[in-house]
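The values are calculated or read from the model by the stated rules, or taken from the named source; none is laboratory data. Just so we're clear, the structure is a prediction, and the values are computed from it rather than from any experiment. All Cβ positions, glycine included, derive from the backbone under ideal geometry; neighbour counts span all protein chains shown.
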Amino acid sequence: MLLQLKQVSLSFAGNTVLHDVDFGVEPGRIHSLIGPNGAGKTSMFNVITGFYRPQQGEITLDGEPIVKRKPHAVTRLGIARTFQNVRLFREMSVLENVMAGQHCRTRSGALAAILRLPSQRAEERRILETSLECLDFVGLLGHQDRLATNLAYGHQRRVEIARALATQPKLLLLDEPAAGLNSGEKQALIELIRRIRDERGVAVLLIEHDMSLVMNVSERISVLDHGSLITEGDPHTVQNDPKVIEAYLGQDDEELAL
Amino acid sequence: MTWYDSFLQQLVDGLVLGSFYALVALGYTMVFGVIKLLNFAHGDLYMTGAFAGFGGLSLVSGFLGAGWIGIFVAMLLAMIAVGCLGVVIERVAYHPMLGAPRLSILITALAVSLVLQNAALALTGGQYTAFSTDLGLGGFNLGNLFLSHNQIVLVATAAVLMIALELFVSRTLYGRAMRAVSIDKDMCRMMGINVSAVIAVTFFIGSGLAAAAGTMAGAYYGSIWYFMGFLIGLKAFTAAVIGGIGSITGAMLGGLILGLLESFGTHIPFIGSEWKDVFTFSILILVLVFKPTGLLGKSEVERM
Amino acid sequence: MDRHSPSTTPDTHKPDFHESDFHEPRPRNLFQRLYAAFESPGRRRALHLAIIAILIVTPWISSQYTTVILTNALLYVVLCLGLNIVVGYAGLLDLGYAAFFAVGAYTIGILTQQFGVNFWAAIPFALLAAALAGVIIGGPTLRLRSDYLAIVTLGFGEIVRFTARNLEITGGASGLSHIPEPSLFGWHIDSSIDFYYVFVVLAVLAYIASQRLFDSRLGRAWLYVRHDEDAAEAMGINRVATKLAAYVIGAIFGAIGGIFFSVNLGAISPESFSFQQSVLILLAVVLGGMGKIPGVILGAFIVVLGPELLRDFGTLRLLIFAVLLLLIMLFRPSGIWPEKRS
C-alpha cells in the first residue's frame, strides 16, 4: 500500500466526522472516494494532508507516518492536493502559481538569493523548466503569463492540478475536480487523470460526485457514509452494492424533504 | 505599615486602575465582536473623551459646579459626543473597508488613531491641559488603609456602567442582536436584522464607555494630554485579551486582573515602577502566545 | 445544482478569451508608457546608472543642509525597504519596527563606546542581536492572527524603548553620546558628505537585495503565504518559517539602518526609536505602495522631505501626514506608485 489509514477517527466538538476508518491506496492506482454530502470525504482529505489532526489512528505513506506532520511536511513527503473550490493565488500569473509547487523540492535561502549564487540561479532555472513542463502536461503552455484568475474556470482547475504535480508527488488528491466542468471538459479531465497515472506514475485519489466519471476512470472505489467506510471494490461491485444504493437513497429523501 | 496594610492599599489602587482598563477594554471587545476589527483608534477615543469631558465641564460648571455632579453631566455629554464620533468613524473609515484585506483594514484603523492623536496635538500644542475640578481629597481611614471618596465614586460609577451594559446586552433586543451579529452576520441579514444599525450602536456604546473612562481619568488625575490614549489603548487591549477577546464579561474581568497585576507587580522586588509597562506588555505577549483565547474566550475551530 | 448549470447554458462553451488577450494591452496613460519605455534591460540599466550619477554629484552642487536631509532620506530608504519585506511582501503588520532599528544602534553604541570594540568588528554582533530579537519576538507570535501580531509588535517596540530608558548600560533616558566615528582603510568617516556616500551605498545595496529577494523562491513564498495560507501549506511551504524569514530579514535591514544611524549622529536616545518612528516608516511604505520597491523609495523621500517643506505648519505636519495616510487607505490602498498592469 502506498497510502494506508488505520482506524482513523476524527471528531469536532463531540461530532464524529470519521469513525474507525481503515483505508488504503495502492501505488499507481486511480482510486475514488464517494459518498453522500457530509459523509466526511473532504475531512478525510484534510486528515491525510495534515490539515486536521485525527484523535486516533495511524496514517502512513510508503510506511512513513503522517499523523502529527504539518501540511507542508506531508506535501514534501509526497502527497499533493487540489481544493474543492479552486484556490489559486489570485493576482499572480499562471506560471507563478505552478512554481509554488516546486518550493518544497528546492532549498535556496535568502543569502543565496541576495548574492545570486550560481547554485541559486541553476535552481531558479530548474524551477522554471519543471513548472513549464507541468503546464505543458495539462495543456496550458502559452497561458503562463496570464493572471490565474483571468482564465476560464476549467483552465483554473487544470492550473491547480499542474501546481500539485509540480510538487512531484507520489499520490495526488483531487477534491471534486469535475465540479463546474462541461461534458467536453470532463472527458478531457478523464484523459488527464489517466495520463497522470500512466505517464508520471502518480497514484490518484479523487472525491467526485459525477458518477459516470467515477465509474469511467476509477479502478477502485471506496464509499464513505456518516464517517464510516461502508464498502470498497471495483466499480461494478460498488455500483450493485445495496448498502451504497441505500446510502444515496437516504440522502435523496433528505433532499426531497428540503 | 504592615505588609497586610500595604496589600490592601495595592488592592484599592489596582481596583481603581482596573476600572479604567475594564471600561476601555469593553469597547475593544465589543467592536471586535461585531466586526472582527481591532480598533486601534479606541485608545484615542478615550483621549478624545477626556477632552470632551473637559469641554463639557467648562460648559456646565457655571451652574452645576465642578464637583461630582458637574463631572457626571460632563461625562454624559462626553459619552454622547464621543459615541457619535465613534459611529462616524465606523461609517467613514471602517465600513468601506470591510471587504478589503485584513492588512488594509488594520492600517486604516491605525490611520484613524493617528488622525485623532495628531488633531489633539495640533489643538493643544502637545501641552498638558489641567483638568481642574472641585473634588476634595477627603476619604475614610480604615485602620492604616486610606480610601478616598473619589476612588469610591469612580469604582462605583464604573461598576454601574458595566452592570448597565451587561443588562443591555443580555436583556434588550439590540443587545441580543449584537450577540447574534457577532456570531453570524449573513444569517442576521437574512433574518431581517439591520446589521448596520447594530454595528453603529456597538460603536456608540463602546466609544461612549471609553469617553466615560477618559473623563473620569481626567478628573481623577487632574491633567490630560493628546498622547494619554496610547498606553491605555495598549493596556486595555491586553485586558481584553486576558479576558478573552469578544467576551464582555471577559473584558471586565481582564481589566480588573490587569489593574491588580500592575498594582502588585510593581511592588515585587526587582520590578520597580519604571518597569511597570514592560511588565504589562510581557503579560500581553505571554497570554497571546500561551492562551490566545484568554480566560473566557471561545476557541476557534482547531486547526494545525 | 450549480454544478450542472454550465452544460445547460451554451454561452460557457465559448472560450472566455480572445486572440488579443495574448498580447500585452497597449500602454494607455503616461506611467504605463514610462514603464514600457524602461522595459528593456538595457534602458533599465541606463536609468539605474543615471540615478547613481545624480546621487554621486548631488552633494557637490547642493548645500550641506541638503546633504544632511538627503542622508536622512537614504537612511529611510533602507528602513522602508526592510519594513516593506515584512509588510509589503509577507503581509505582516509590524508596528514596532523601530525596535530593530534601536537594537542595531544600541548594540553598536554600547560595544564601541563602552567596550572600545572596533566599529566594523561590532557590526556582526549588531546584526546577530537584531536577528535574535526577530526570532524571539516573531517565533512565538507569527502563528497568531494578523491583528494580534500587530499589537504584539507594538508592545515589543515599547518594551525595547522602555528597556533602553531604564538600563544603565544604554545610558538611561539621555541615551549614549560620543559614539566614535568609524574609519575604513584609513578613511576617517566623519564629514556629512562622507556619511552621505555611506548611505548611498547602503541604499543601493538594500535596493539590490530587495529586488533579488523579490525575484527568488523565498520572495514568491511570501506572496503565496500572503495570498492563501492553506494553499501555500498544501504546496509544501512552511508558513511559519516563511513569515519568520521575512521578519528576521526585515529586522536585519532595520539594524543596518540603526548601525550607521548611530555613528552618523554620534548620539542616540530612546526617543529616536519611538512608536512615531515606527509609524513614519510604515507610512512611507504604505504611501508609496506596499510591495512596490520604487514606490517605497519614493515614499521614504516624501516622508523625509515633506516635513522640511511643511516646516511652517508646526504640529500640523503630523496631522497632515495622518490624514494623508487615511486618505490613501480609503481611496488608493495600493499606494501612489502606479500599477504596472492596468
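A few comments on the model shown:
Here's the yes/no breakdown for (1) touching a Leu at 6+ places or on another chain (Cβ under 6 Å); (2) over 14 Å from C:Pro180 (Cα atoms); (3) of a type outside the set (S, T, N, Q); (4) outside any helix (DSSP H, G or I):
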| site | (1), (2), (3), (4) |
| --- | --- |
| C:Gly88 | no, yes, yes, no |
| C:Gly96 | yes, yes, yes, yes |
| C:Ala99 | no, yes, yes, no |
| C:Leu111 | no, no, yes, no |
| C:Gly116 | no, no, yes, yes |
| C:Trp120 | no, no, yes, no |
| C:Leu127 | no, yes, yes, no |
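- Among the candidates A:Ile114, A:Ile127, residue that is without any contact (Cβ under 8 Å) to a residue 12 or more places away in the chain and either loosely packed, with under 15 Cβ neighbours inside 10 Å or closer than 17 Å to C:Arg220 by Cβ (or both): A:Ile114
- Of the numbered criteria (1) out of contact with any strand residue (DSSP E or B) (no Cβ under 7 Å at 6 or more places or on another chain); (2) within 23 Å of C:Ala130 (Cα to Cα), the one C:Ala267 fails is (1).
- C:Ala98 touching a Ser or Thr at 6+ places or on another chain (Cβ under 6 Å), buried (at least 20 other Cβ atoms within 10 Å of the Cβ) and closer than 29 Å to C:Trp222 by Cα: yes
Rundown of residues vs (1) in contact with a helix residue (DSSP H, G or I) (Cβ under 8 Å, 6 or more places away or on another chain); (2) not β-branched (Val, Ile, Thr), yes/no style:
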{"residue": "B:Val112", "(1), (2)": "yes, no"}
{"residue": "B:Val115", "(1), (2)": "yes, no"}
{"residue": "B:Ala120", "(1), (2)": "yes, yes"}
{"residue": "B:Met162", "(1), (2)": "yes, yes"}
{"residue": "B:Thr172", "(1), (2)": "no, no"}
{"residue": "B:Arg179", "(1), (2)": "yes, yes"}
{"residue": "B:Ile199", "(1), (2)": "yes, no"}
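- Of all residues in segment A:44-63 being within 12 Å of chain B (Cβ to nearest Cβ) and surrounded by 17 or more Cβ atoms within 10 Å (Cβ to Cβ), the one that is farthest from A:Ile207 (Cα to Cα): A:Pro54
- Restricting C:Ile297, C:Ile281, C:Ile336 to those that are touching a Leu at 6+ places or on another chain (Cβ under 7 Å), at pLDDT 85 or above and either in a helix (DSSP H, G or I) or more than 9 Å from chain B (Cβ to nearest Cβ) (or both) reduces the list to C:Ile281.
- For segment A:79-91, the criterion of being free of Cβ contacts under 8 Å to residues at least 12 places away in the same chain and either facing chain C (nearest Cβ under 10 Å) or surrounded by fewer than 20 Cβ atoms within 10 Å (Cβ to Cβ) (or both) is met by at least one residue.
- Some residue of segment B:78-92 being within 14 Å of chain C (Cβ to nearest Cβ), acidic (Asp, Glu), buried (at least 22 other Cβ atoms within 10 Å of the Cβ) and closer than 24 Å to B:Tyr220 by Cβ: no
- Residue match in segment C:198-207 (condition: modelled with pLDDT of 90 or more, within 12 Å of chain A (Cβ to nearest Cβ), surrounded by fewer than 20 Cβ atoms within 10 Å (Cβ to Cβ) and out of contact with any strand residue (DSSP E or B) (no Cβ under 8 Å at 6 or more places or on another chain)): yes
- The set of residues from segment C:315-325 being at the interface with chain B (Cβ under 8 Å from one of its Cβ atoms) and either surrounded by fewer than 21 Cβ atoms within 10 Å (Cβ to Cβ) or more than 21 Å from B:His95 (Cβ to Cβ) (or both) comprises C:Thr315, C:Leu316, C:Leu318, C:Leu319, C:Phe321, C:Val323.
- Every condition in (1) in contact with a Cys (Cβ under 7 Å, 6 or more places away or on another chain); (2) more than 7 Å from every other protein chain (Cβ to nearest Cβ) is met by A:Arg76 except one, and the failing one is (2).
- Considering segment A:142-155, the residues that are under 13 Å from A:Glu96 (Cα atoms) and either more than 10 Å from chain C (Cβ to nearest Cβ) or in contact with a helix residue (DSSP H, G or I) (Cβ under 7 Å, 6 or more places away or on another chain) (or both) include one that is surrounded by the fewest Cβ atoms within 10 Å (Cβ to Cβ), namely A:Asp145.
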